[in-house]
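> Structure below; questions to follow.
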Amino acid sequence: MTTSQKKSRKVIPIFSDTSQDNFVSLYEAQKKIYPRSTSGYFTNWRWIMIWITQIVFYGVPWLQWGERQALLLDITTHRFYIFGLILYPQDLIYLAVILIISALSLFLFTAVAGRLWCGFSCPQSVYTEIFLWVERKIEGDRAARIRLDNAKIGVKKVFKKWLKHAVWISFSMWTGFTFLGYFTPIRDLTQGIMHFSLGPWETFWICFYGLATYGNAGFLREQVCKYMCPYARFQSAMFDKDTLIVTYDEERGEPRSGRSRNVNAKEKGLGDCIDCSFCVQVCPVGIDIRNGLQYECISCGLCVDACDSVMDKMGYARGLIRFSTQNGISQHWSKHEIVQKIMRPRVLIYSAMLLLLCVGFAASLSLRSSFTVDVIRDRGVMSRLVPGGKVDNV
Ligand code: SF4
Ligand code: SF4
């Protein structure tokens, strides 16, 4: 055991005998993960999704629809403005239908392609990746960050840490401000900040959402996915052997062993894995995908890119780690056969239900009248003539 491991380990006595031999650790301190940067197909897709989601998130509150904000969930006046549509409290049913559609979509996409949402679009993954990018720019890549954390306190270390947290906090506050801009007109909020006239609640919510972003993306990171997110817990119930997952081709990779590029692996009876641990170092949740499918895996595909780059350097075929299905790997299916299996009964049922709900929702919205009045005559009162020659009929 290394010195740092000994230091971070907390030991809880469970026997009255207090000799060190009889101590059993019931708690292991979380080890900090230093994800290494990588590049490739899935890394590029992750950044494309980050750009799209962030442009939408930070841009939409600034759009105007006539004289008002295009998308404003105005809780104080009980009106939701969604571009040309205005929803009132009695339209709550639409919110329920949107939630059902979202849940069904999640079931469908998970059955087809696993946790793509987690790896590419979930705010927790997206903000963690942005914060990691800032960290890399200021402190360097994995090895430099580990060195910096182990270094003694000095001017350089304090400056880098201060700068990183300053950027993180500024970005988090901007996020909190934008988030509140979906509930309070964002132009009023901007004026309030510029004239130091924000109300106490607005200040509280900006700080609350800002600090939540700072804490979740800066510190908790993968722990949110592992321990706090309910989706990680029940997603396995939606998986089957034809769901796309990130998999390590054990048959091809084992027995793993380090070697130089010139060694003939076939002659030596070696698999294609050179045990470089690059796939582990890039993983944002700190797992080794070679140990098989794990609930912590968010299907980000970074280990696929990392391993492909190693395979390229070794002159081996790509795809030792790849998106595939359990059946695809075990039965050596081609890509075409894997895709064919996507259209299985559960996927068709989810798709049909989703389609029906979406069509019903769209029809209901288009036929909805924004104001309905029933005029009923008061039967107990007769009509009568009133001044001006008019008839009053209650
Ligand atoms: S990156 Fe590829 S070769 Fe390297 S350890 Fe991982 S699976 Fe093996
Ligand atoms: S194992 Fe691979 S796909 Fe899964 S979270 Fe780690 S890097 Fe992403």
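The values are calculated or read from the model by the stated rules, or taken from the named source; none is laboratory data. These numbers come from a predicted model, not from an experiment. Neighbour counts are summed over all protein chains in view; Cβ atoms, including those assigned to glycine, are modelled from backbone coordinates with ideal geometry. Calculation scope for accessible area: heavy atoms of the full protein, side chains included, ligands and nucleic acids excluded. Shrake-Rupley method; radii C 1.70, N 1.55, O 1.52, S 1.80 Å.
> Quick check on my filter: what residues within the range 105-127 are within 17 Å of THR38 (Cβ to Cβ) and open to solvent by 20 Å² or more (accessible area, probe 1.4 Å)?
PHE120
> Only one of HIS336, HIS332 is of a type outside the set (Lys, Arg) and either touching a residue at least 60 places away in the same chain (Cβ under 8 Å) or assigned to a helix (DSSP H, G or I) (or both). Can you tell me which?
Answer to the check: HIS336.
> Could you check how many residues of the range 296-311 are more than 9 Å from ligand 1 (Cβ to nearest atom) and either open to solvent by less than 30 Å² (accessible area, probe 1.4 Å) or closer than 25 Å to VAL339 by Cβ (or both)?
Residues that pass the stated criteria total 8.
> Quick check on the range 265-275. Is at least one of its residues touching a strand residue (DSSP E or B) at 6+ places or on another chain (Cβ under 9 Å), touching a residue at least 60 places away in the same chain (Cβ under 8 Å) and within 14 Å of ligand 1 (Cβ to nearest atom)?
The answer is no, given that none of the residues of the range 265-275 is touching a strand residue (DSSP E or B) at 6+ places or on another chain (Cβ under 9 Å), touching a residue at least 60 places away in the same chain (Cβ under 8 Å) and within 14 Å of ligand 1 (Cβ to nearest atom).
> Using beta carbons and a limit of 6 Å, which pairs, at least six apart or on different chains, have the first residue in the range 375-386 and surrounded by 10 or more Cβ atoms within 10 Å (Cβ to Cβ) and the second one among the aliphatic types (A, V, I, L, M)?
Qualifying pairs under 6 Å: VAL381/VAL394; SER383/VAL391.
> Of the residues that sit in the range 315-338 and are open to solvent by 90 Å² or more (accessible area, probe 1.4 Å) and away from ligand 2 (no atom under 16 Å from the Cβ), which one is nearest to ASP275 (Cα to Cα)?
If we take residues in the range 315-338 being open to solvent by 90 Å² or more (accessible area, probe 1.4 Å) and away from ligand 2 (no atom under 16 Å from the Cβ), then HIS332 is nearest to ASP275 (Cα to Cα).
So that you can scan it fast, the table gives a plain yes or no per residue for (1) touching a residue at least 12 places away in the same chain (Cβ under 8 Å); (2) of a type in the set (Val, Ile, Thr); (3) under 17 Å from LEU99 (Cα atoms):
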position	(1), (2), (3)
LYS341	yes, no, no
VAL347	yes, yes, no
TYR350	yes, no, yes
LEU354	yes, no, yes
LEU357	yes, no, yes
PHE361	yes, no, yes
SER369	no, no, no
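> When you scan the range 201-230, how many residues do you find that are open to solvent by 90 Å² or more (accessible area, probe 1.4 Å), of a type outside the set (Phe, Trp, Tyr) and modelled with pLDDT under 95?
So the answer is 1.
> Of everything in the range 166-177, what is open to solvent by 50 Å² or more (accessible area, probe 1.4 Å) and of a type outside the set (Phe, Trp, Tyr)? Give them in sequence order.
If the condition is that a residue be open to solvent by 50 Å² or more (accessible area, probe 1.4 Å) and of a type outside the set (Phe, Trp, Tyr), then VAL167, ILE169, SER170, MET173 are the ones that fit.
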